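Report on one structure; see the data block that follows.
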Amino acid sequence: MLIITLYKAVPARTTKIVTVGGVLRREEMDLVMNPFDYKAVEAADYLKRAFGGKVVSLTMGPDFKLKSIASNLFDAPVEGVDESYILSDRRMAGADTWATAYTVSLGVKKIVETHLSAVDELLSLLRSDGSAESFAEKARELYEKNLVPNAVYSTLPTLRGATLAERLLGGEISREEAVRLLEKIRKEVEKFIVIAGIKTSDGETGSTGPQVAEALTGMLGKFIPSVTYVRELEADPEAGNVYVERKLGDYIQKLRVPLPCVITISTDYRPRTPQLKLKKRARLYSYAKKVMDSVVWNADMLGADPQLIGLAGSPTIVGPGIDVGSPPVQKFVGKTLVFSNRVEEFEFNGKKYGPFERLAKADELPQEVLEHLKGRGLVKVFSLEDLVEELFGVRVSVAREH
């Protein structure tokens, strides 16, 4: 199963750099991951541990700005993402939600078709009377490329003798049975799920997720259902469904959703622990490894219609932007830790942090990082002078008794 997690890089400060037409110039801005997308990553991790498969992150924007954000997702709780794809092309710039959904849907379609083609290669070998040895060799090659699951080929000691390739080589199953099992695996790939946050902090429309489902419906020629504001999520691998719960006004709605589908995750979502009985199946349908280098696709690689991407494909008209500053946060004089100066992006114990503006909260950083910053004089306690500076935009010096 392919679990495709959409995320977006948003400005660290809402609209610091814009053109007259209201288009964000992301290549010139400090970007961070959209905070609403973290819940989507949590939900994707649960589904992988319940269904098996792999978690694939997908985003759109300037790749040189996005690769650092993408790399952090490999270490996201609990197991992180397994692969990363970035759609990057100057022609994609300035896209509204519809043009974004169209472009992202092409990325989803290409990911799914790449994995289906790998299974089709193996099916073609079996149907053309290829030897069991040639099948096993091709299966190994595709497995190492992370294109077929452990059920086909695996080097895991716990699955020794349980894979399709080994059973065919050992004469345990016939060619016809191998074809039937491969067709079942192909159907697993077709039952993908796309997960996104409910909205983005720089757009607030909440419409891209459902529009991706609409675009995929047209591209794939079959209905792709979508469900928004999901706060509870449960997997049923055998039936090929997910069960979701969402709150709409005063109503609680519970739905059974067939795969493939698109869902957006509410900020109220709390991850479940998969049932223990699903663990063996999940291992069998998981893939070999994490591929740590992000794959970058441009518009030509996606086969995109130039008239449907970027500004050209965006019917929405946006006015000029203004800088409204950072989202509100609560600070306490004499208690809250803040940055004493602007801190550029830095690396500590293999993880990247920042950039951080002067007087931004520092409390939520890991303790060892805080100690490192304190030692360099970059973190201090929020003071009365700092409060005055934030309120009135001027630095003051308060005379103190000696």
* Using a Gaussian network for the chain with springs between C-alpha atoms less than 10 Å apart, which of these wobbles most: Ser84, Ser340, Ser314? -> Ser340
* Within 10 Å, count the other beta carbons around each residue, average over each peptide in 100-113, 65-78, and list them highest first. => 100-113, 65-78
* Can you pick out the pairs among Lys39/Lys290; Lys39/Lys361; Lys145/Lys191; Lys290/Lys331; Lys184/Lys352; Lys290/Lys335 whose Cα atoms lie more than 32 Å from each other? -> Lys290/Lys331; Lys184/Lys352; Lys290/Lys335
* Structure fact -> In the neighbourhood of Val244 defined by beta carbon distances under 14 Å, the net charge of the other residues (Lys, Arg +1; Asp, Glu -1) is +3
* To do: Identify all aspartates and glutamates with a Cα-Cα distance to Lys247 below 12 Å; exclude those on the same chain that are fewer than 8 residues away in sequence.
  => Glu232, Asp268
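Values in this text are rule-based calculations from the coordinates and carry no lab data. Note that the structure is predicted; figures quoted are calculated from it, not measured. In this analysis, Cβ positions are derived from the backbone assuming ideal geometry, glycine residues included, and neighbour counts consider all displayed protein chains.
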